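First up is the structure itself, then whatever we jot down about it.
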Amino acid sequence: MFIELNLEDIEGFDWNEANIKKNEIKHNVYYKECEQVFFDKPFYIRDIKHSKIERNN
């Protein structure tokens, strides 16, 4: 089952305090950093080493 999601409609996230601590300890990632994946513009870099053997779609 897939749910169509419009990221422009997202205003924020509701974080459980236990999950905030778990992410910090297990992954060394602060919860605000997780949210940046959805709200920041994409950042692309060219991988010259692999770009010669892999096709870009």
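The values are calculated or read from the model by the stated rules, or taken from the named source; none is laboratory data. Treat the numbers as computed from the prediction; the structure is a model and nothing was measured. Don't worry about glycine lacking a Cβ; one is built from the backbone with ideal geometry, like all the others, and counts go over all protein chains shown.
Residue count for the stretch 20-52 under the criterion of being part of a helix (DSSP H, G or I), over 15 Å from the mean Cα position of the chain (by Cα) and among the β-branched types (Val, Ile, Thr): the result is 3.
Taking first residues from the stretch 15-43 that are among the acidic types (Asp, Glu) and partners that are at pLDDT 90 or above and exposed (fewer than 11 other Cβ atoms within 10 Å of the Cβ), no Cβ contact under 8 Å between residues at least 6 apart in sequence or on separate chains turns up. Here Gly12 fulfils each of the conditions (1) at pLDDT 90 or above; (2) in a loop (DSSP other than H, G, I, E, B) apart from (1).
Apart from one condition, Glu17 fits all of (1) at pLDDT below 85; (2) more than 17 Å from the chain's Cα centre (by Cα); the exception is (1).
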